[in-house]
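Enquirer: One structure coming up, written as structure tokens, with questions to follow.
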Amino acid sequence: MSLRFSLLVLVLALSLLCGAAPARAALVDCQPVPGRFTVFLSEPSGSLLSQPGQPRQFLQQLQFELDQNRDARWVLSPGSDVRFVACPGRAPALDGQDFGREIVDALHTRRVLLEVWGQLSGASGPDGKPQPQAQMNYLLVPLQQAANEQAGAGGGSAALQRLRYPEAGAAPTPDPVQLIARPSDIDAFVASAFGLKLLRERSYELAHRNLCRAGQLLAAIARRPLVGRSKEELARLREQIASAAGQAVSQAKADAAYPRLGLLRLREAARPCDAEEE
Amino acid sequence: MKPLTMPSFSFLLRRGRRALVPLLLSATAALAPGAARAGGVEPCEYASVFSGAALNLLVLPYRYEAPRLGGEGAGARVPQELERASQQLASLVHLELLMGLLKYGSIGAKHLQAMPGELCDVDKVLTQIGRPGGSGALKPGQSAVLVWGRLFEQGGQFYLQSYLRFVRQGPQGPVEERLGFELAPGLGRLEAGLPAQALALAPRRITREELARVDRDFRQAMQLRSEPRSEAPGRSIEFQPQQAFAYWVTGTRGDWMQLQPMAGGPAGWVQVRGGDEAGAPAWSLQRWLPELAFMDAVSGFMRLRAAGPMEAAERRRTERAIERGLQRYEQALSAEQAPLAWGLAAALRGWLAWEAGQREAALAQFERSRALMPDYAGARQLVALARASLAGPELGEAGSARLSRELMAALALAPDRPELLGNLQRLLDFFGRRPEWSPYPAEQLGQRQEILRAAAPR
């Protein structure tokens with residue numbers, strides 16, 4: 001066997017090995033809406049959107065759908081004006097390895113609250129009709145940023161949340177946008193990220209309101225039949241959100257600038273949202 | 001088939017919409033209480049209600065919105081046909097809702113049109129019709145349901161989205177509904193509102209062909225006949241979106257409605273509710289817009305809230321109609337697709353059940369509403385008060401602690417909700433008189449009362 005042939009075999013073997021590992025995707029930049037809190041909708045991987053132009057179309061439809069859902073909840077709007085931005089060409093790796101400190105800092109500085117991406121694949125449903133399946137990832141940027149700052153301090157961050165669709169018992173849909181554009185899921189993560197961001201900015205009352213709201217929405221997700229990693233990650237996030245709500249209370253009370261008759265003075269840090277004890 | 005037109009109204013509209021106002025206002029004023037069943041069109045800036053109607057429905061424009069920046073077709077000029085379609089849809093929504101609402105008695109329905117280039121703002125309309133004692137404004141006890149919407153395009157598909165808001169006139173202007181709860185002697189009445197009295201309903205896809213077909217079907221069905229029989233000679237109502245549509249509804253017979261144009265022209269009978277019991281009529285817009293059934297149900301709910309006596313049989317009929325409307329909507333959209341509408345529907349059902357003395361059933365509905373709207377303070381508060389009320393005639397120590405926690409949880413979601421702040425104030429004042437039930441030490445109680453007083457709206 002010649003040296004040249006041996007090298008070729010080695011190169012091929014290495015290529016195969018690299019192919020077996022998750023590919024590190026190119027993370028192209030995306031522009032947030034200036035002056036607004038933004039949610040990035042990045043390109044999902046997987047077999048379902050393999051045709052040229054499909055990912056872009058999918059992202060535009062998803063953005064549209066989420067915009068509608070946001071508008072539909074306009075009566076609540078607790079001080080937030082969150083915009084969804086489709087990011088065609090931006091395709092993070094499924095495991096979140098792209099989100100190193102620099103990238104997360106840049107997102108955080110530009111008021112990106114959440115980045116959503118994932119993997120979409122197709123399968124046949126029980127009736128033989130195609131039924132998309134998805135694993136969607138939600139990176140809570142303020143939480144990831146805080147985790148990066150505290151690296152080495154121990155304790156796993158819940159900044160990356162993963163949900164699978166459809167869930168057991170859910171009505172089947174052939175439309176991948178309808179499959180993943182779950183308003184309450186996105187809303188839960190947006191409220192979580194927004195509350196954490198506001199807490200860092202010492203906007204205690206608005207932070208508290210968003211964090212308590214996030215707690216309710218996350219609890220509703222937790223009541224669904226989640227399994228494995230998703231369930232554990234969500235439980236950890238709920239703990240961190242409850243803890244952050246408690247911090248909003250304790251920090252407000254300790255802050256000399258917080259009003260003497262501010263509503264957060266009604267609350268205890270240990271029970272920041274006065275959750276039911278039963 | 002010769003169309004029926006309303007030349008005098010059309011002329012007035014073409015020559016100047018302002019000229020229409022005195023005519024419509026005089027017609028409105030002439031509407032006698034008890035015979036209040038009327039429909040009309042008027043410019044948005046002169047929005048008024050039928051003074052004798054317990055319930056007024058106002059349909060504001062459905063606006064066409066061009067595709068958003070970055071989407072397909074962004075920046076393109078608004079196609080005239082789509083602008084026309086959106087105007088036409090508002091007209092059709094008005095007609096269909098008016099026809100459906102007749103079963104509630106004492107109703108008026110108007111279609112408000114914006115002047116070219118102007119917007120019809122729902123807040124301004126509400127201010128206009130809510131001025132206490134104002135001309136053309138609601139009288140205390142009367143209710144109003146406001147409906148508006150938008151037509152937009154995305155990815156080559158058209159979508160239609162409707163919005164809904166409903167109020168009742170109080171002595172000082174529009175107020176939201178309140179359900180009273182007596183939880184313990186000496187506590188006084190605590191109040192809860194609905195989770196929401198404004199709602200954006202889920203957008204619905206509608207094709208251009210469907211838009212055209214709705215219009216065509218409707219025109220075919222809208223045959224004005226000399227007698228309330230489908231075999232009677234008829235003529236089509238040539239209805240144009242920009243044309244005034246102002247009728248007295250002078251009678252009904254079964255599925256037939258008798259129309260009397262306000263500005264002259266032939267009167268006649270129209271078959272309007274040919275399938276109300278079994279489902280929407282064959283021509284109904286509800287095939288595409290099930291939210292019309294939801295709006296109908298909400299209107300029925302507000303009709304029940306409006307002042308004035310209502311016989312028990314009529315009340316039962318109205319309650320059945322509300323339930324039919326809610327069910328029709330829920331059959332068309334799943335709870336996953338429209339959780340807020342489902343949540344509000346559950347709250348409405350619970351409210352009616354509570355008023356009927358079916359307290360356990362009401363609590364179950366309130367709990368369902370809360371599950372569907374977990375981040376709505378109003379939904380949480382309804383459950384808290386209903387549960388405390390059902391627990392017994394006395395709150396007790398444990399009940400007080402639980403109620404406090406639950407109201408505080410609701411307050412965390414909406415710290416500015418007035419009736420919630422009021423409830424907490426009353427509860428703490430009560431704890432001052434019954435310290436053995438108070439979850440707070442005396443010194444904390446005083447501080448809490450002070451904070452809540454400071455937060456309460458002036």
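Readers should treat all values here as calculations from the given coordinates under stated rules, not as data from a laboratory. These numbers were taken from a predicted model, which means no experiment stands behind them. Positions of Cβ are generated from backbone atoms using ideal geometry, with glycine treated the same way; all protein chains shown enter the neighbour counts.
Enquirer: Based on the alpha carbons, how large is the Rg to Rh ratio for segment A:24-266 when Rh follows Kirkwood? List each step's numbers first, then the result.
Expert: Details: Rg = 18.1 Å, Rh = 18.6 Å.
Across segment A:24-266, the Cα-based Rg/Rh ratio is 0.98.
Enquirer: Also, quick follow-up: Take every residue in peptide B:407-418, count the Cβ atoms of other chains within 10 Å of its Cβ, and give the average of those counts. Walk me through the numbers before you get to the answer.
Expert: Values: counts 1, 9, 8, 2, 7, 16, 9, 4, 10, 3, 0, 0.
Per-residue shielding by partner chains comes out at 6.
Enquirer: If you average the C-alpha positions of segment B:89-124 and of segment B:322-356 separately, how far apart do those two centres end up, in angstrom?
Expert: Value for the Cα centre distance between the two parts: 23 Å.
Enquirer: Starting from the Cα of A:R223, move 7 Å in the Cα-to-Cβ direction to define the label point; list residues of segment B:357-372 whose amide nitrogen is under 11 Å from there.
Expert: B:367-372, by backbone N distance to the label point.
Enquirer: So, one more: For A:D29 and A:S250 in the same chain, what is the full-extension length gain: residue separation times 0.36 nm, less their Cα-Cα distance, in nm? If you can, show how the numbers build up before the last one.
Expert: On the way: separation 221, 0.36 × 221 = 79.56 nm, distance 3.76 nm.
The A:D29-A:S250 span can extend by a further 75.8 nm.
Enquirer: Continuing with the same structure: Between B:R320 and A:T109, what's the calculated FRET efficiency when r is the beta-carbon distance and R0 is 35 Å? Round to 0.05.
Expert: Values: r = 58 Å, r/R0 = 1.67.
Calculated value: 0.05.
Enquirer: Once you sort the root eigenvalues of the Cα gyration tensor of segment B:357-455 as a ≥ b ≥ c, which label holds: rounded (a/c under 1.5), prolate (a/b larger than b/c) or oblate (the other case)?
Expert: Working: a/c = 2.54, a/b = 1.37, b/c = 1.85.
Note, shape of segment B:357-455 comes out oblate.
Enquirer: What distance in nm lies between label points placed 7 Å from Cα along the C-beta direction at B:A267 and B:A66?
Expert: Taking the simple label geometry, B:A267 and B:A66 are separated by 4.7 nm.
Enquirer: Determine which lysines satisfy two conditions relative to B:K124: a Cα distance under 30 Å, and not lying fewer than 8 residues away in the same chain.
Expert: By straight Cα distance, B:K124 reaches B:K103, B:K110, B:K139.
Enquirer: Give the lysines reachable from A:K197 as a straight Cα distance under 19 Å; neighbours fewer than 8 places away on the same chain don't count.
Expert: A:K253
Enquirer: Using a Förster distance of 35 angstrom, determine the FRET efficiency expected from the C-beta separation of A:D95 and B:E360, and round it to 0.05. List each step's numbers first, then the result.
Expert: Working: r = 50 Å, r/R0 = 1.42.
So the FRET efficiency works out to roughly 0.10.
Enquirer: What spacing in nm lies between the two simple spin-label points modelled at B:E182 and A:R36, each 7 Å away from Cα in the Cβ direction?
Expert: 5.1
Enquirer: Sort segment A:203-259 into rounded, prolate or oblate with this rule: let a ≥ b ≥ c be the square roots of the eigenvalues of the Cα gyration tensor; rounded if a/c is under 1.5, and if a/c is not under 1.5, prolate when a/b is larger than b/c, oblate otherwise. It would help to have the intermediate numbers written out before the result.
Expert: Working: a/c = 5.23, a/b = 2.74, b/c = 1.91.
In terms of gyration-tensor shape, prolate.
Enquirer: Return the FRET efficiency for the residue pair A:E149, A:E232: r is the Cβ-Cβ distance, R0 is 22 Å, and the value is rounded to the nearest 0.05.
Expert: On the way: r = 23 Å, r/R0 = 1.06.
Approximately 0.40, to the nearest 0.05.
Enquirer: Grab the Cα-Cα distance for B:E336 and B:L119, subtract it from 0.36 nm times how many residues apart they are, and report the gain in nm with one decimal. Let's see the in-between values first.
Expert: Values: separation 217, 0.36 × 217 = 78.12 nm, distance 3.27 nm.
Separation in residues times 0.36 nm, less the Cα-Cα distance, equals 74.9 nm.
Enquirer: Hey, another quick one. Count the net charge of all other residues whose Cβ sits under 15 Å from the Cβ of B:V175, scoring Lys and Arg as +1 and Asp and Glu as -1. Before the final figure, lay out each step's value.
Expert: Values: positive: B:R131, B:K139, B:R165, B:R168, B:R178, B:R305, B:R417; negative: B:E176, B:E177, B:E191, B:E419.
So the surrounding residues net to +3.
Enquirer: Would you calculate the separation in nanometres between label points at A:E201 and A:Y258, each defined as 7 Å from the Cα along the Cα-to-beta-carbon direction?
Expert: 1.8
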